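See below for the structure under consideration.
The values are calculated or read from the model by the stated rules, or taken from the named source; none is laboratory data. Source: prediction; values computed, not measured. Cβ coordinates were reconstructed from backbone atoms using ideal geometry, including for glycine residues, and neighbour counts include every protein chain displayed. For accessibility, only protein heavy atoms count, side chains too; no ligands or nucleic acids. Shrake-Rupley method; radii C 1.70, N 1.55, O 1.52, S 1.80 Å.
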Amino acid sequence: MPSPLVSQVVTASDLLQGDVIYLTADDDWTRQLASAEVISDEAHAQLRLLDASQQNNIVGAYLADVAPGPHPTHFREEFRATGPSNYAHGKQEAAKDV
Amino acid sequence: MYKYSEFDTAFLAQRNAQFRAQVERRIDGSLTEDEFKPLRLMNGLYLQLHAYMLRVAIPYGTLNGAQMHALADIADRWDKGYGHFTTRQNIQYNWPALRDVPDMLDALASVGLHAIQTSGNTIRNVTSDHFAGAAADEIADPRPVAELIRQWSTDHPEFQFLGRKFKIAVIGSSQDRAVIRAHDIGLRIVERHGEQGFEVVIGGGLGRTPMIGKVINDFLPRADLLPYLEAVLNVYNLLGRRDNKYKARIKITVHEHGLDNIRALVDDQFARIRPGFSGVDQTLLADIEAAFARPPLRTLSPEAYDTAYRADPVFRAWADTNLAAHRDPGHAIVTISLKAHGETPGDATSAQMRVMADLARRFGHDELRISHEQNVILPHVHKSDLPTLHADLRAAGLGTANIGLISDIIACPGMDYCALATARSIPIAQDIATRFDDLKLEHDIGALKIKISGCINACGHHHVAHIGILGLDRAGVENYQITLGGDATADAAIGQRAGPGFSADDILPAIERLVLGYLDLRLSPDETFAQTFKRLGMAPFKSVLYDTPPREKAA
């Protein structure tokens with residue numbers, strides 16, 4: 001039984017870079033979980049996933065649970081949102097450049 | 001070493017051009033991901049957790065200096081300046097962009113390397129003994145046979161859509177340094193009545209159902225190799241299960257039908273197809289063997305080595321762990337550790353790759369090997385060159401003296417990279433290596449193999465480790481199970497689970513208890529962890545792991 005506090009985001013990999021992306025409320029994709037559209041309604045989430053899955057520029061879209069913040073609820077999503085732990089590569093590297 | 005023929009070069013160029021077009025069609029939307037995925041996998045391109053990953057085959061683990069330089073150049077130009085050497089004698093680039101991959105493949109082709117069949121349900125990169133051609137205990141160099149199998153299996157039209165992936169390993173000595181009994185087919189060159197042939201082992205494998213391979217044929221004449229392999233693959237291709245991917249490997253086929261039934265089917269099929277093999281493969285093999293002629297070795301005084309060994313304790317420690325006996329007593333086999341304490345097992349920077357390539361050219365007849373234990377080997381170094389070689393390795397951060405010791409850990413990429421992983425492997429390996437380096441106990445502990453997998457697929461070979469660690473997801477938390485008593489040598493054995501798993505925070509203290517417990521249990525410093533476990537069994541180790549409170553660190 002999912003917690004009422006758990007919402008969802010649509011996430012996927014970018015076709016060209018292969019990196020982690022999230023669907024935004026204005027139908028664009030962002031590399032930051034903080035900018036993702038947080039969806040609390042299950043039926044709406046399924047619709048948003050269906051729309052996203054039609055796009056050619058992304059791969060493997062699915063719904064990931066998030067707690068308020070939004071913060072990932074599972075460690076796998078935490079790693080996807082951050083990057084590997086052995087080098088400061090991936091999103092943590094990109095964050096340094098900002 | 002084998003040099004590509006015109007045919008090989010043309011084949012690879014055509015294949016790369018095909019893939020370039022497929023990538024373009026994927027990007028412009030002509031191909032869906034479902035259509036593209038099997039095509040990219042057949043060319044070694046995965047989509048991982050944070051990025052694409054390109055897996056490049058290093059056939060039977062052999063490279064020359066120019067190839068190692070090319071791997072370094074590719075890492076700098078299209079990746080993040082490093083590469084990860086794997087337990088299947090491959091190198092993986094963790095950060096390529098899709099558009100760049102065709103250029104990377106062309107750069108690989110320019111030095112005779114490729115990524116074909118490093119994924120997909122095909123015959124994968126043929127692996128071998130990383131000491132091949134140099135080991136003192138060798139009957140014959142297994143690499144010509146491995147190359148013959150590579151040529152036969154590459155793009156073999158019948159074996160592009162097997163029920164599951166298929167791994168073949170070949171060795172030429174009594175000691176097994178390639179874990180052949182954990183392969184779908186393991187081949188060992190043996191001699192009978194002065195004739196060379198093969199002992200053929202089938203149905204080995206790790207993963208969620210670990211099995212030790214069984215001998216299906218104790219002496220296969222040399223000339224029968226390809227028709228026999230083809231017969232095994234024919235039988236598997238028809239009989240192997242396709243209803244359940246977890247029951248699709250040949251180990252399950254052998255288990256379900258029984259070795260004797262499989263042997264009878266293979267023998268029947270072999271009798272049918274053998275006449276179709278005209279012997280052209282044996283002509284080809286003779287040409288390949290000529291390409292693997294032993295390098296001309298020098299006869300020099302080993303005095304420089306003896307002097308350094310006596311005078312320099314750092315050199316002596318490295319020589320004691322990282323050198324192996326060469327068939328020529330004036331030479332040594334050098335293992336370069338890619339396991340510096342606290343670093344990622346199997347990773348080398350582009351600068352380190354270039355240093356190793358240049359050292360191979362200067363001191364090692366331009367030969368390098370990649371081991372399934374994720375280290376790099378210079379197979380033919382004269383002993384008098386070792387002090388200089390060691391100094392150069394140290395300057396490049398490659399002088400770690402730990403081969404076969406507790407910090408020489410196999411670790412799969414785990415959830416830091418792999419989309420299939422259920423937990424991380426790399427940080428656990430880093431923590432164990434750093435901790436035992438701090439304790440200064442590593443050399444006292446002696447021979448001990450720790451192997452870590454971040455999921456049940458067991459790329460980190462945890463089943464055949466003295467101490468195996470398997471990372472799992474238990475109710476949304478990383479959890480690590482310990483197995484004990486595995487063996488990756490000719491006496492291959494699957495380890496037994498010690499008990500309940502440990503959290504990410506508790507696994508390092510658990511390993512520390514286990515190893516300090518072993519120091520108390522062993523009869524003498526000469527008794528290895530594996531021997532102590534064999535003598536005492538699981539009970540005392542289980543007690544150390546689960547009954548005792550965490551012990552204070554050793555004084």
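Here are the numbers for this structure:
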read-out: Top-ranked residue of the range A:55-68 - restricted to ones that are in contact (Cβ under 8 Å) with a residue 12 or more places away in the chain and not in a strand (DSSP E or B), ranked as nearest to A:Val38 (Cα to Cα); value: A:Pro68
read-out: Among residues of the range A:48-71, those that are within 14 Å of chain B (Cβ to nearest Cβ) and either under 22 Å from B:His50 (Cβ atoms) or at pLDDT 95 or above (or both), counted; value: 15
read-out: Long-range neighbours under 7 Å by Cβ, at least six apart or interchain, first residue free of Cβ contacts under 8 Å to residues at least 60 places away in the same chain within the range B:432-445, second in a loop (DSSP other than H, G, I, E, B); value: B:Glu442/B:Asn402; B:Glu442/B:Leu405; B:Glu442/B:Ile406; B:Glu442/B:Ser407
read-out: Flag for B:Gly81 being within 14 Å of chain A (Cβ to nearest Cβ), out of contact with any Gly (no Cβ under 8 Å at 6 or more places or on another chain), closer than 25 Å to B:Gly397 by Cβ and surrounded by fewer than 18 Cβ atoms within 10 Å (Cβ to Cβ); value: yes
read-out: Filtered residues of the range A:28-44 (kept if touching a residue at least 12 places away in the same chain (Cβ under 8 Å), outside any loop (DSSP other than H, G, I, E, B) and closer than 23 Å to A:His89 by Cα); value: A:Trp29, A:Leu33, A:Ala34, A:Ser35
read-out: Qualifying residues in the range B:280-303 (those that are out of contact with any helix residue (DSSP H, G or I) (no Cβ under 8 Å at 6 or more places or on another chain) and among the aliphatic types (A, V, I, L, M)) - the one farthest from B:Pro329 (Cα to Cα); value: B:Val280
read-out: Those residues of the range B:477-492 which are farther than 15 Å from B:Gly460 by Cα and at pLDDT 95 or above, in sequence order; value: B:Val477, B:Glu478, B:Asn479, B:Gly485
read-out: Failed condition for B:Leu545, given (1) closer than 30 Å to B:His84 by Cα; (2) touching a residue at least 60 places away in the same chain (Cβ under 8 Å); (3) of a type in the set (A, V, I, L, M); value: (1)
read-out: Filter pass, B:Ile456 being in contact (Cβ under 8 Å) with a residue 24 or more places away in the chain and open to solvent by 20 Å² or more (accessible area, probe 1.4 Å); value: yes
read-out: Residue match in the range B:410-423 (condition: open to solvent by 10 Å² or more (accessible area, probe 1.4 Å), within 16 Å of the chain's Cα centre (by Cα) and within 14 Å of chain A (Cβ to nearest Cβ)); value: yes
read-out: Search result, residues across the range B:380-409 that are touching a residue at least 60 places away in the same chain (Cβ under 8 Å), outside any helix (DSSP H, G or I), among the aliphatic types (A, V, I, L, M) and open to solvent by less than 30 Å² (accessible area, probe 1.4 Å); value: B:Leu398, B:Ala401, B:Leu405, B:Ile406, B:Ile409
read-out: Pairs where the first residue, in the range B:1-16, is in contact (Cβ under 8 Å) with a residue 24 or more places away in the chain and the second is among the aromatic types (Phe, Trp, Tyr), C-beta under 8 Å, 6+ apart; value: B:Met1/B:Phe292; B:Tyr2/B:Phe292; B:Leu12/B:Tyr4
read-out: Number of the condition not met by A:Leu15 [criteria: (1) out of contact with any helix residue (DSSP H, G or I) (no Cβ under 6 Å at 6 or more places or on another chain); (2) open to solvent by less than 30 Å² (accessible area, probe 1.4 Å); (3) more than 10 Å from chain B (Cβ to nearest Cβ)]; value: (3)
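Residue by residue, here is whether (1) farther than 22 Å from B:Gly476 by Cβ; (2) part of a strand (DSSP E or B); (3) open to solvent by 70 Å² or more (accessible area, probe 1.4 Å); (4) away from every other protein chain (no Cβ under 12 Å) holds:
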position: A:Val10; (1), (2), (3), (4): no, yes, no, yes
position: A:Ile21; (1), (2), (3), (4): yes, yes, no, no
position: A:Asp26; (1), (2), (3), (4): yes, no, yes, yes
position: A:Gln46; (1), (2), (3), (4): yes, no, yes, yes
position: A:Ser85; (1), (2), (3), (4): no, no, no, no
position: A:Ala88; (1), (2), (3), (4): yes, no, no, no
